[in-house]
Ligand SMILES: [Zn+2]
């Protein structure tokens, strides 16, 4: 049985719930504002520290997911250049079958 855990949404701060995905270190969230989305543990950490406008941008996306797809937020580290590498949040739509749902 899937165990849902209550936690405030990392995007909008509303009461939400999630469960851990079997694959990877990711949470499958259901928020009454933002709908369904997946966020990796690392991405969630960055989101919580991100400015509100960044969270707002991500919060608008899950509802736009095409049929059979889900919005997935991960951290992508850009290739190292002259500057110190900075972890970047990135979101994309992935087919549920690819996520294992
Ligand atoms: Zn939300």
(message) I need a count of the residues in region 36-47 that are free of Cβ contacts under 8 Å to residues at least 24 places away in the same chain and within 13 Å of the ligand (Cβ to nearest atom).
(response) 0
(message) Return the residues of region 32-54 that are within 19 Å of residue 6 (Cβ to Cβ) and in contact with a helix residue (DSSP H, G or I) (Cβ under 8 Å, 6 or more places away or on another chain); say none if nothing qualifies.
(response) 33, 34, 35, 36, 37, 38, 39, 47
(request) Return only the number of the condition from (1) more than 13 Å from the ligand (Cβ to nearest atom); (2) over 23 Å from residue 95 (Cβ atoms); (3) over 12 Å from the mean Cα position of the chain (by Cα) that residue 64 does not satisfy. (result) (2)
(message) Given the criteria in contact (Cβ under 8 Å) with a residue 24 or more places away in the chain, within 16 Å of the ligand (Cβ to nearest atom) and crowded, with 16+ Cβ neighbours inside 10 Å, does residue 16 qualify?
(response) no
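For (1) within 14 Å of the ligand (Cβ to nearest atom); (2) over 13 Å from residue 91 (Cα atoms), each residue gets a yes or a no:
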{"residue": "5", "(1), (2)": "no, yes"}
{"residue": "22", "(1), (2)": "no, yes"}
{"residue": "25", "(1), (2)": "no, yes"}
{"residue": "34", "(1), (2)": "yes, yes"}
{"residue": "49", "(1), (2)": "no, yes"}
{"residue": "52", "(1), (2)": "yes, yes"}
{"residue": "72", "(1), (2)": "no, no"}
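Since every read-out is calculated from the coordinates, none of them should be taken as a lab result. Note that the structure is a prediction, hence the values are computed from the model and not measured. Quick reminder, even Gly has a Cβ in these numbers, built from the backbone with ideal geometry, and neighbours come from all protein chains shown.
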